Each structure stands twice: as structure tokens, then as C-alpha cells.
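K.L.:
Before I ask anything, let me first share the structure, which is written out below as C-alpha cells.
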Amino acid sequence: MPAAGGLIFGGRSGEHEVSLRSAQSVLNALDPAKYAVTQMVITQEGLWVSGEEWNAGKAKREAASAASLPASIGALLPLLGGLDVIFPVLHGSFGEDGALQGLLEMADLPYVGCGVLGSAVGMDKGLFKDVMLANHIPVLETLVVSRRQVETQIETLLPRAEALAPYPLFVKPANLGSSVGISKCRSRSDLVEGLLDAARYDRRILIERGLIAPREIEVSVLGNDDPVASIPGEVLPSREFYSYESKYVDGSSGLLIPAPLPAALVEQVQTFAVQAFKAIDAAGLARVDFLLDKETGALYLNEVNTMPGFTEISMYPKLWAASGLSYPALLDRLIELALERKADRDRTQRKYEV
Ligand SMILES: Nc1ncnc2c1ncn2[C@@H]1O[C@H](COP(=O)(O)OP(=O)(O)O)[C@@H](O)[C@H]1O
Ligand SMILES: [Mg+2]
């Protein structure tokens with residue numbers, strides 16, 4: 001009998017459309033002899049709708065959107081009860097940040113990918129950097145400030161930011177992806193503008209030393225307690241930096257697989273990637289992204305993505321394909337890891353027996 005699998009996709013973040021594409025690729029590749037798939041879709045507004053409702057088209061979705069958000073979740077929760085394993089193919093806030101993972105933990109269900117802690121730390125670029133520093137993994141100098149500080153004391157922030165490094169400085173919302181809200185600032189006025197813009201998207205904001213046209217190296221990590229790294233790949237952004245437009249609009253950013261790197265650097269990238277994965281207590285999968293300074297040759301870990309883009313042409317699965325693991329075999333492995341992780345969770349004693 002095929003296993004009952006649940007695929008949750010869509011979501012409230014700016015990466016809704018990317019999630020739809022990732023989920024379609026997963027659906028196409030799951031072997032129907034092995035998995036009977038129930039689809040659950042989270043609309044851009046956060047409403048949960050069944051796969052049937054979603055596939056029936058827009059009119060039905062609009063009808064569903066008359067429902068309140070908690071009621072829509074409540075209506076779909078019983079579906080979760082009949083499932084053996086869940087694959088949340090969701091990127092960004094509410095999907096990749098531990099929120100949904102918390103719900104699945106409460107329901108005691110096995111699911112693909114990182115748990116609450118790994119997802120949350122992986123999502124917050126500020127806290128993530130602190131964890132990297134504590135583990136002696138190189139990251140770019142960063143200052144984390146709050147939206148409140150930007151709103152009430154920007155004058156005191158500016159000199160502190162400028163003490164980090166000479167311009168350009170990068171400003172980023174701490175918990176977003178797809179380059180939304182990120183600015184490259186070349187002057188104080190750029191910096192003010194960048195901070196105000198980032199403050200629209202998050203309560204926590206990073207100011208970071210900027211590199212001039214760094215090389216962008218990415219590596220895929222797979223596993224639970226003994227994670228392994230793929231060969232690294234390289235992104236060739238179509239614009240000045242790997243912006244939202246460069247990622248999704250131009251369609252012309254290139255991927256180089258494998259990344260042309262000397263063997264020692266490949267090993268360094270893989271070692272840091274596995275260390276970072278373990279340091280945040282990641283599970284299942286993560287793509288770990290680096291910036292390589294062309295001028296000095298210095299390597300910096302930039303971020304992890306605990307639910308990276310997952311279409312067949314996305315970097316994460318392509319790196320595994322190039323490392324000898326096909327897309328369908330990768331899905332099987334991720335589901336196996338989800339079940340393994342759940343079994344390990346179940347070994348934890350919850351009650352203290354005197
Ligand atoms: N400190 C930096 N120096 C130079 N370029 C950067 C820096 N930080 C980010 N970038 C550029 O911005 C892009 C997006 O930043 P990133 O931190 O990866 O956020 P996201 O989660 O949105 O992908 C990177 O892929 C890179 O092109
Ligand atoms: Mg990135």
C-alpha cells in the first residue's frame with residue numbers, strides 16, 4: 001500500500017509563487033505506487049484550502065477566502081490526522097521559519113526538513129550569524145538593529161553602521177528571503193533609505209559589510225545526525241547583485257555546476273556547510289550559501305535556506321543530481337529522513353519518573 005503523504009504548499013510569504021512551482025515538481029516526481037498524496041494549499045492571505053478546492057480554480061478559492069483564517073485551518077486539520085508523513089514545500093515566513101513546523105510537532109506528525117529550532121535560527125539572519133561566530137565559521141561583520149531603533153534613533157545608528165566598514169553596506173530584513181527589502185547602500189542617504197525600506201518588512205534589520213561583486217557559492221546538505229554535503233555550485237547573477245529581479249524576473253541568472261573552485265576550497269565550503277547545519281540543529285535538508293571575496297579570496301558563510309527552491313531546475317536538487325542522487329531518489333531519501341527524525345523524537349522521555 002502506498003504511504004499517505006501530505007504536500008503543503010503556497011504560503012503567505014513573498015515566495016508563494018516559487019512554492020507553487022517547487023510543489024508541482026515534487027508532485028510530478030513522487031511515485032504514485034509509493035505515495036498517495038493529499039494536497040493542502042495555503043493561499044497568499046494565509047487561508048488553508050484543500051487540493052480539490054485549489055485545483056478547481058480561482059472562483060472556488062475566492063469563496064474560500066470568505067472564510068476566516070483560523071476556521072480555514074481548523075477545517076483542514078482533520079486531514080492531517082490520516083497522513084503518514086508531511087512535506088511542507090513552503091519558503092519564507094510561516095513555512096520555513098518554524099511556525100508550521102510547530103503546528104506539525106503539536107500534531108505529532110513526521111515531516112520533511114528542519115524542526116522548529118533549526119528553521120527559526122536558519123530564518124533569522126541575525127541570530128544565525130551569532131551562532132556561526134560562536135562556531136568559528138566566518139561571516140561578514142554585521143550590526144542588528146530593531147525597527148524601533150530605526151524609527152526613533154536613526155541618527156545614532158548611522159555612525160555605528162559606518163564604523164562597521166566603508167561603503168557599500170548591505171541592509172537586509174532579518175527574516176525574509178528572495179532578496180526582498182535588501183539594499184546595497186553606497187552613501188549615508190542610501191543607508192537611511194535602505195533602513196526605512198527594510199523596516200517595512202521586518203522588526204529586525206541587519207546592516208552588513210558589503211563585498212564588491214563577490215562570487216556566490218552554494219552547497220546542498222542532506223541528512224539528520226550525520227549530514228553530508230554535495231559538490232558546490234555557483235550562481236552567476238544577471239544583475240549587480242542577486243536581487244529579486246535577478247532571481248525570478250530576468251530568468252537569466254546562470255548556474256555553474258560544479259563551481260570552478262580549487263579542491264581545497266571545495267573541501268572548506270563543504271566542511272563549513274556541514275558544521276553550520278549541525279550548529280543550528282538542522283534536519284533533512286538545507287542549502288548553505290557563501291560569498292567569496294574575489295579580491296582577497298576570503299570565504300564567508302552568508303546564509304542557510306532550510307527549504308530551498310525545489311523545482312527540478314533549482315540549485316538544491318541539481319547539486320544532488322550532479323553528485324549522483326536523482327530528483328526522485330532525493331525525495332525518497334528526504335521522506336526516509338523525516339521518518340527517522342520522528343522515530344528519534346519518539347525516543348525522548350517526556351515524563352520524569354521518580
Ligand atoms: N554583504 C554582501 N556583500 C555583497 N553582496 C551581498 C551581500 N549580502 C547579500 N548580497 C547579495 O544579495 C543577495 C541576497 O542576499 P541574501 O543575504 O542571500 O538574502 P536572501 O535571503 O534574500 O537570498 C545575495 O545573493 C548577494 O547577491
Ligand atoms: Mg540568498
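The values are calculated or read from the model by the stated rules, or taken from the named source; none is laboratory data. The model shown is predicted, which means the values in this text are computed figures rather than measured ones. Here Cβ is always computed from backbone atoms with ideal geometry, including for glycine, and neighbour counts include all displayed protein chains. These accessible areas exclude ligands, DNA and RNA; they are computed on the full protein's heavy atoms, side chains included. Shrake-Rupley method; radii C 1.70, N 1.55, O 1.52, S 1.80 Å.
K.L.:
Kindly state, to the nearest 0.05, the FRET efficiency for residue 56 paired with residue 190, given R0 = 56 Å and r defined as their beta-carbon distance. Intermediate values should be presented prior to the final figure.
P.N.:
Numbers: r = 47 Å, r/R0 = 0.84.
E between residue 56 and residue 190, to the nearest 0.05, is 0.75.
K.L.:
Please give me the summed charge of the neighbours of residue 268: other residues whose Cβ is under 15 Å from its Cβ, Lys and Arg +1, Asp and Glu -1. Don't skip to the end; give the middle numbers.
P.N.:
Details: positive: 215; negative: 218, 234, 267, 289, 293.
Once all neighbours under 15 Å are counted, the net charge is -4.
K.L.:
Suppose each label sits 7 Å from its Cα in the direction of the beta carbon; what would the residue 27-residue 146 distance come out to in nanometres?
P.N.:
4.3 nm
K.L.:
Moving on to the next point. Once a ≥ b ≥ c are taken as the square roots of the eigenvalues of the Cα gyration tensor of the stretch 141-209, is the result rounded (a/c under 1.5), prolate (a/b larger than b/c) or oblate (a/b not larger than b/c)? Present the calculation step by step, with values, prior to reporting the outcome.
P.N.:
Details: a/c = 1.55, a/b = 1.16, b/c = 1.33.
Since a/c reaches 1.5 but b/c is at least a/b, the shape of the stretch 141-209 is classed as oblate.
K.L.:
Assigning unit charges at the beta carbon (Lys, Arg +1; Asp, Glu -1) and nothing else, what dipole magnitude in debye, to the nearest 20, does the chain show about its Cα centre?
P.N.:
Values: 33 positive and 44 negative charges, 78 e Å.
Value, rounded to 20: 380 debye.
K.L.:
Can you give me the relative contact order of the stretch 141-209 as a percent, contacts being Cα pairs under 8 Å and 6 or more apart? Don't jump to the answer; show the numbers that get you there.
P.N.:
Working: 121 pairs, mean separation 32.5, N = 69.
It comes to 47 percent, rounded to a whole number.
K.L.:
Can you pull the accessible area of residue 344 for me, 1.4 Å probe, Å² to the nearest 10?
P.N.:
60 Å²
K.L.:
Same structure again: Quick check: at a probe of 1.4 Å, how many percent of the accessible area of the chain sits on carbon and sulfur atoms?
P.N.:
Values: 8620 of 15940 Å².
Ligands and nucleic acids excluded, carbon and sulfur reach 54 percent.
K.L.:
Using a probe radius of 1.4 Å on heavy atoms only, what accessible surface per residue do you get for the chain? Whole Å² is fine. Each step should come with its number before you reach the end.
P.N.:
Working: 15940 Å² over 354 residues.
Result: 45 Å² of accessible area for each residue.
K.L.:
Another question, if that's okay. Using the Cβ atoms and a cut-off under 14 Å, what net charge is assigned to the surroundings of residue 177, where Lys and Arg are +1 and Asp and Glu are -1?
P.N.:
Values: positive: 12, 125, 172, 247, 287; negative: 15, 17, 96, 97, 124, 202, 218, 289, 303.
Charge balance in the 14 Å sphere: -4.
K.L.:
Give me the one-decimal nm value for the distance between modelled label points at residue 256 and residue 44, 7 Å along each residue's Cα-to-Cβ direction.
P.N.:
3.6 nm
K.L.:
Okay, moving on. I'd like the distance separating the alpha-carbon centroids of the stretch 230-291 and the stretch 188-216, in whole Å.
P.N.:
For the stretch 230-291 versus the stretch 188-216, the Cα centre distance is 21 Å.
K.L.:
Under a Cβ-Cβ cut-off of 13 Å, what is the net charge of the residues other than residue 21 that fall near it, where Lys and Arg count +1 and Asp and Glu count -1?
P.N.:
In short, -2.
K.L.:
Could you calculate the contour length gain from residue 236 to residue 336, that is, 0.36 nm times the residue separation minus the distance between their Cα atoms, to one decimal place in nm?
P.N.:
Numbers: separation 100, 0.36 × 100 = 36.00 nm, distance 3.32 nm.
32.7 nm is the gain from fully extending residue 236 to residue 336.
K.L.:
Any of 129/278; 129/342; 125/184; 278/318; 172/247 with alpha carbons more than 20 Å apart? Name them for me.
P.N.:
129/342; 278/318
K.L.:
Rounded if a/c is under 1.5, else prolate if a/b beats b/c, else oblate: with a ≥ b ≥ c from the C-alpha gyration tensor eigenvalues square-rooted, which is the stretch 1-40?
P.N.:
Working: a/c = 5.34, a/b = 2.17, b/c = 2.46.
In terms of gyration-tensor shape, oblate.
K.L.:
How would you rank 136-144, 149-157, highest first, on the average number of other Cβ atoms within 10 Å across their residues? Kindly include the intermediate steps, with their values, before the conclusion.
P.N.:
Details: 136-144: 16.4, 149-157: 13.7.
Ranked from most to least packed, the peptides come out as 136-144, 149-157.
K.L.:
Moving on to the next point. Measuring from label point to label point, each 7 Å out along Cα→Cβ, what is the residue 263 to residue 197 span in nm?
P.N.:
Using points 7 Å along Cα→Cβ, the separation is 4.4 nm.
K.L.:
Between residue 296 and residue 165, what length comes free when the chain is fully extended (0.36 nm per residue of separation minus the Cα-Cα distance, one decimal in nm)? Kindly include the intermediate steps, with their values, before the conclusion.
P.N.:
Numbers: separation 131, 0.36 × 131 = 47.16 nm, distance 1.54 nm.
Here the segment from residue 296 to residue 165 would lengthen by 45.6 nm.
K.L.:
From the square roots a ≥ b ≥ c of the eigenvalues of the alpha-carbon gyration tensor of the stretch 136-180, which class results: rounded (a/c under 1.5), prolate (a/b over b/c), or oblate? Display every interim value, and only then the final one.
P.N.:
Numbers: a/c = 1.84, a/b = 1.17, b/c = 1.57.
It comes out oblate by the Cα gyration axes.
K.L.:
Suppose a student asked you for the relative contact order of the stretch 282-354, using Cα pairs under 8 Å spaced at least 6 residues apart; what percent would you report?
P.N.:
Values: 57 pairs, mean separation 16.4, N = 73.
It comes to 22 percent, rounded to a whole number.
K.L.:
May I pose another question? Given the chain, what percent of its DSSP beta bridges are antiparallel, to the nearest 5? Numbers along the way, then the final one.
P.N.:
Details: 39 of 53 bridges.
That works out to approximately 75 percent antiparallel.
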